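The values are calculated or read from the model by the stated rules, or taken from the named source; none is laboratory data. Quick caveat, the model's predicted, so the values are computed rather than measured. Because the Cβ atoms are built from the backbone with ideal geometry, glycine has one as well, and the counts that use them run over all protein chains shown.
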């Protein structure tokens, strides 16, 4: 069967080259339509109870993450000339298509008592723009008497902010980035002309920045991965064709990655954005193994065709199996209910398999056309450094078995200790460098306005027009006062805030009356809940943003600091929820937390849990594949031990160095296990063949280390330097992924060239 496959490939090589060429053109065409995306809610399945509630919340009240905030802290803003420029700047923002409204210090609206109609209405605080500095100073003082805007638009420390509400249709479309570019350009123009530093925050902005960084990093890492791989290949093989052919093969698959994303209607995310350089790094070893065996085979066979045919027969099936095991590490991610993991796993798995077929069809065909390599191109087989390493691994395996076992045991114990200290956790602005503008801006808003992550509390009064119940409003006020005391939470806003503002307006805008009504004035003041309030963003009753159409459900909106998913989860569970239970526990009201923050926290926990489950599934499937290959339970055990230890060491490193378990770091285990098992399969397959031929365990081990060991060393260097490039990412999670994977794959190579042969020798000697 293998002979027939080899003959089949060589006989129809022109057909396969043409087919791959046409497929690549098609994939390149499809790839141009792929889009970028960064959506936190994708980590929680649609069937989840909290996700269902969150989507229902958005249907009733609208988006909770559609506000772009711009803050500043500069006293010059209160200069008449600068303030006039600021007002023009706000008007410019309002005129941009996709902006639903802008709330700023220059266009504040206040509730005013309409005596004639016995009603309240919203009016502009500035009936006309101030013409003198004194007029402006007076209006600023008047603005700061509006308690409703305190710690929302301005604070006592001189910081002010403006809030831009973005149309939800734009927010969830590809036009979002174009809108953000326009908003930032207008803002930067104002900043430069007036020499005022602006700070940006809000989910639309953070998602835009992260998406742009992902876009740039894909291109940079792809170029660097190809460059580094090319340099290593040239150093090893000293041949231009040994560089260009593997790069050509992997380049084809990279094009297929983008095509696959587009065909499946997937977007480029933080995870799928890693795939192009990942495919380069993972795919090159295929070519290295084939080239290595080709050069070895040339010493046995007189013609290139026979040598190439021998390569296909010898390692064709093994390479397929190693690619399958690597793909399994990705495909199992598709078994989760998490969209981002599904997409990453499916696209990665498909293209890892594709890498095998492109390699097995293209590489032999190309090398049949190219001339026979010169002796200098195969001298790498006898490099002094390489020979030294091979002899070292042989010596360790044969003469230091006990030391290998003891050292492995010590590393396991230390690693298990580190493993016990691992903590899960991630950030909304995940691992962005502290010196980055995004992080500095976030710190500005957290220090001046407490939080940037949207959190919502929904009170279901269970009664139509339950919002009119003063006792319910008092309980909400009590909860809001509790939340205000927390330094990491912004001042909440709800219908209570508007009721308080109405009472202040009722008493001639006296700030001391910014409170809930009493028994004497409640009847008149609460009437505003069903009355109009003048023009607003959507020309609707403003209460609709905070009360449903039946007056039954009430929304409390606030922001929380980006403290990390673990800490926020603790705050939600152990701080906010107990107080909610304390206040509303003995009432008929149903109170539930929701919003982007809750979904984010749950998504992280869900993501890590599913990654670990997928890892277990991958372990089982790969074990079955190895058992089918070798049909020997002893071989299965032998193959898995050297690959489990690196995973334990990875967990230990994370715990000892305080690296949190998050989606990016958890992904290390799937990648490492899928790739490291390839080492064992190649080693054991070669050992099995040599054992059949020599009938001598020691000779078989020696021969395997000498031949397969060379390929393993080559590929480990490629993998190490290929993954280490991710250490230069702007995202801490990606840095951890790159550094950990590089180190652990190198460890996996060492365990497979020392521990694996030591175990083989021990097992076989003990049975004899």
If we keep just the residues of the stretch 736-753 that are surrounded by 20 or more Cβ atoms within 10 Å (Cβ to Cβ) and within 17 Å of the chain's Cα centre (by Cα), which is farthest from residue 426 (Cα to Cα)? 741
Among the residues of the stretch 36-51, is there at least one that is in contact (Cβ under 8 Å) with a residue 40 or more places away in the chain, surrounded by 14 or more Cβ atoms within 10 Å (Cβ to Cβ), over 22 Å from residue 452 (Cα atoms) and in contact with a strand residue (DSSP E or B) (Cβ under 9 Å, 6 or more places away or on another chain)? yes
Filter the stretch 1-33 down to the residues that are at pLDDT below 85 and not in a helix (DSSP H, G or I), then identify the one that is surrounded by the most Cβ atoms within 10 Å (Cβ to Cβ). 12
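Could you say which residue among 726, 721 is in contact (Cβ under 8 Å) with a residue 24 or more places away in the chain, surrounded by fewer than 22 Cβ atoms within 10 Å (Cβ to Cβ) and either more than 30 Å from residue 345 (Cα to Cα) or within 23 Å of the chain's Cα centre (by Cα) (or both)?
Step by step, each of 726, 721 is checked, and only 721 is in contact (Cβ under 8 Å) with a residue 24 or more places away in the chain, surrounded by fewer than 22 Cβ atoms within 10 Å (Cβ to Cβ) and either more than 30 Å from residue 345 (Cα to Cα) or within 23 Å of the chain's Cα centre (by Cα) (or both).
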Tell me, yes or no, whether the stretch 200-217 has at least one residue that is assigned to a helix (DSSP H, G or I), in contact with a helix residue (DSSP H, G or I) (Cβ under 6 Å, 6 or more places away or on another chain) and free of Cβ contacts under 8 Å to residues at least 60 places away in the same chain. yes
Any chance residue 610 is assigned to a helix (DSSP H, G or I) and buried (at least 17 other Cβ atoms within 10 Å of the Cβ): yes
Hits in the stretch 239-278 - residues which are under 23 Å from residue 208 (Cβ atoms) and free of Cβ contacts under 8 Å to residues at least 40 places away in the same chain: 265
Selection status of residue 702, closer than 21 Å to residue 654 by Cβ and surrounded by fewer than 22 Cβ atoms within 10 Å (Cβ to Cβ): no
Restricting the stretch 685-695 to residues that are under 17 Å from residue 631 (Cβ atoms) and out of contact with any helix residue (DSSP H, G or I) (no Cβ under 6 Å at 6 or more places or on another chain), the one surrounded by the fewest Cβ atoms within 10 Å (Cβ to Cβ) turns out to be 692
Could you tell me whether any residue of the stretch 204-218 is at pLDDT below 85, more than 21 Å from the chain's Cα centre (by Cα) and either closer than 30 Å to residue 258 by Cβ or not assigned by TED's automatic domain parsing to the domain that holds residue 290 (or both)? no
Only one of (1) part of a helix (DSSP H, G or I); (2) surrounded by 19 or more Cβ atoms within 10 Å (Cβ to Cβ) fails for residue 239. Which number is that? (1)
Suppose we keep only residues that are under 21 Å from residue 496 (Cβ atoms) and in contact (Cβ under 8 Å) with a residue 60 or more places away in the chain within the stretch 133-155. Which one would you say is farthest from the chain's Cα centre (by Cα)? 145
Odd one out for residue 141 among (1) assigned to a helix (DSSP H, G or I); (2) at pLDDT below 90; (3) surrounded by 14 or more Cβ atoms within 10 Å (Cβ to Cβ): (3)
Flag for residue 222 being outside any loop (DSSP other than H, G, I, E, B), surrounded by fewer than 24 Cβ atoms within 10 Å (Cβ to Cβ) and modelled with pLDDT of 85 or more: no
Among the residues of the stretch 164-173, is there at least one that is over 28 Å from residue 278 (Cα atoms), buried (at least 19 other Cβ atoms within 10 Å of the Cβ) and modelled with pLDDT under 80? yes
